[in-house]
Amino acid sequence: MLLRGSGEHNREALALEGIMPNAGMTSGFAGEDVLAELADAFYASDPKRLATARERLRDALGDDALVDAAGIIGIFDAVVRVADGTGVPLEDYKDEASAGFRPALGINRFHPDKP
Amino acid sequence: MYAKADITVRSDLDRAHARAWRRLGEPGTWLDGRTRIEIAAELRHAVDCELCKARTEALSASVVSGAHRSLNKLAPAHIEIVHRLRHDAARITQQWVEDIAVAGIGEGEYVETLAVAATVLAVDGFTDALGWPRHALPEPSGGEPSRARPANARLDIAWVATLPPGEQREDEVDPYRDTSGVHIHQALSLVPTETIAFFELDAAQYLPDSALRDYGTEYRALTHVQIEYLAARVSAINQCVY
């Protein structure tokens with residue numbers, strides 16, 4: 001939802017499907033490719049791929065952006081476990097606001113048993 | 001913590017990591033400093049656990065039995081919890097939380113274990129992503145946990161007790177002093193000091209709550225769009241429903 005909100009603020013028509021790994025499409029903003037590759041490489045257990053992804057991001061967006069990206073990967077790797085480990089549900093207003101695009105992203109298929 | 005790094009780290013982020021790392025070894029609300037460090041060490045060690053790998057590949061984790069590759073410093077139930085959080089958190093169920101986690105070590109202890117694990121994952125994830133060595137775990141300090149449970153904490157929105165925003169007593173810590181109190185902020189609220197500490201780290205690594213929808217201002221080298229895309233990508237890789 002925050003991605004959609006920030007895109008709307010910038011009057012950018014973002015394809016949200018692009019956040020999904022292996023979606024075969026992009027969201028359509030500058031730097032997307034290097035950010036996606038850093039996240040994917042982080043989880044690939046392949047140090048060489050991760051090192052290459054870092055250098056690509058550094059070349060494209062700069063050192064400060066690389067630090068920001070590392071921080072976001074780390075904190076969201078943690079936040080998802082806080083959510084999963086406690087079972088906190090999506091707020092009703094977020095559920096309603098995202099109802100239109102969640103099926104297209106496939107999020108509802110992750111764990112249909114969860115609230 | 002990063003004064004000698006080959007890339008400059010924002011001072012607020014450096015301070016947040018130093019604070020989070022120091023807290024790891026201090027007594028918490030439900031766990032003493034030694035146990036908190038043992039959780040951190042087990043979490044790191046768990047990455048090569050063959051049982052966990054077999055379970056993640058199975059249709060259901062419960063059908064695969066065996067022993068974890070463990071440091072064996074924690075109680076068996078605690079080891080199970082740490083390994084599950086590390087390898088297969090997305091398939092945690094309410095029944096597992098009730099029957100394995102809470103029944104195994106206690107509700108406050110489980111929530112604090114989550115907070116300790118999340119802190120280590122956040123900081124280790126940062127250094128791992130940058131290709132930097134992980135920080136040595138701090139030495140545990142003495143002292144006893146306070147065991148202070150918020151009086152109005154109860155089963156409400158989650159599988160563990162939470163403290164609804166605005167319901168802390170005057171003599172209790174407000175877990176939502178710097179956040180809006182949405183559900184993810186409530187997740188660890190049974191242990192208010194851990195909620196505050198974790199979301200201080202969150203504010204430094206991601207964005208402060210007040211900045212999330214301030215789309216007209218860019219607070220980082222990455223734009224709002226880039227930040228939210230990366231956050232969503234990581235959540236999707238982890239198949240997080242929230």
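The values are calculated or read from the model by the stated rules, or taken from the named source; none is laboratory data. Everything quoted here is computed from the prediction, not taken from an experiment. As a convention, Cβ positions derive from the backbone with ideal geometry for all residues, glycine included, and neighbour counts pool all protein chains shown.
Some observations on this one:
- Hey, A:Leu61 within 10 Å of another protein chain (Cβ to nearest Cβ), modelled with pLDDT of 75 or more and out of contact with any helix residue (DSSP H, G or I) (no Cβ under 6 Å at 6 or more places or on another chain) or not: yes
- Filter result for A:Met20 (closer than 27 Å to A:Phe101 by Cβ, touching a residue at least 40 places away in the same chain (Cβ under 8 Å) and not acidic (Asp, Glu)): yes
- Options B:Ile196, B:Ile237, B:Ile227, B:Ile184: the member that is touching a Lys or Arg at 6+ places or on another chain (Cβ under 7 Å), among the hydrophobic types (A, V, I, L, M, F, W, C) and within 7 Å of chain A (Cβ to nearest Cβ): B:Ile227
- B:Tyr219 vs. criteria among the hydroxyl-bearing types (Ser, Thr, Tyr), in a loop (DSSP other than H, G, I, E, B) and away from every other protein chain (no Cβ under 11 Å): no
- Condition check for B:Leu190: in contact (Cβ under 8 Å) with a residue 24 or more places away in the chain, buried (at least 17 other Cβ atoms within 10 Å of the Cβ), more than 22 Å from B:Trp21 (Cα to Cα) and not assigned by TED's automatic domain parsing to the domain that holds B:Leu114: no
- Meets criteria (surrounded by 14 or more Cβ atoms within 10 Å (Cβ to Cβ), at pLDDT 95 or above, over 14 Å from the mean Cα position of the chain (by Cα) and more than 18 Å from B:Leu222 (Cβ to Cβ)) for A:Arg81: yes
- Per the listing B:Leu212, B:Leu155, the residue uniquely facing another protein chain (nearest Cβ under 7 Å) and free of Cβ contacts under 8 Å to residues at least 60 places away in the same chain is B:Leu212.
- Residue in region B:160-198 that is farthest from B:Glu98 (Cα to Cα), counting only those that are in a loop (DSSP other than H, G, I, E, B) and within 16 Å of the chain's Cα centre (by Cα): B:Pro175
- Among the residues of region B:199-209, just one is charged (D, E, K, R) and either within 7 Å of chain A (Cβ to nearest Cβ) or assigned to a loop (DSSP other than H, G, I, E, B) (or both), namely B:Asp202.
- Residue selection: B:Glu38 satisfies the criterion of being without any contact (Cβ under 8 Å) to a residue 60 or more places away in the chain, within 17 Å of the chain's Cα centre (by Cα) and within 21 Å of B:Glu194 (Cα to Cα).
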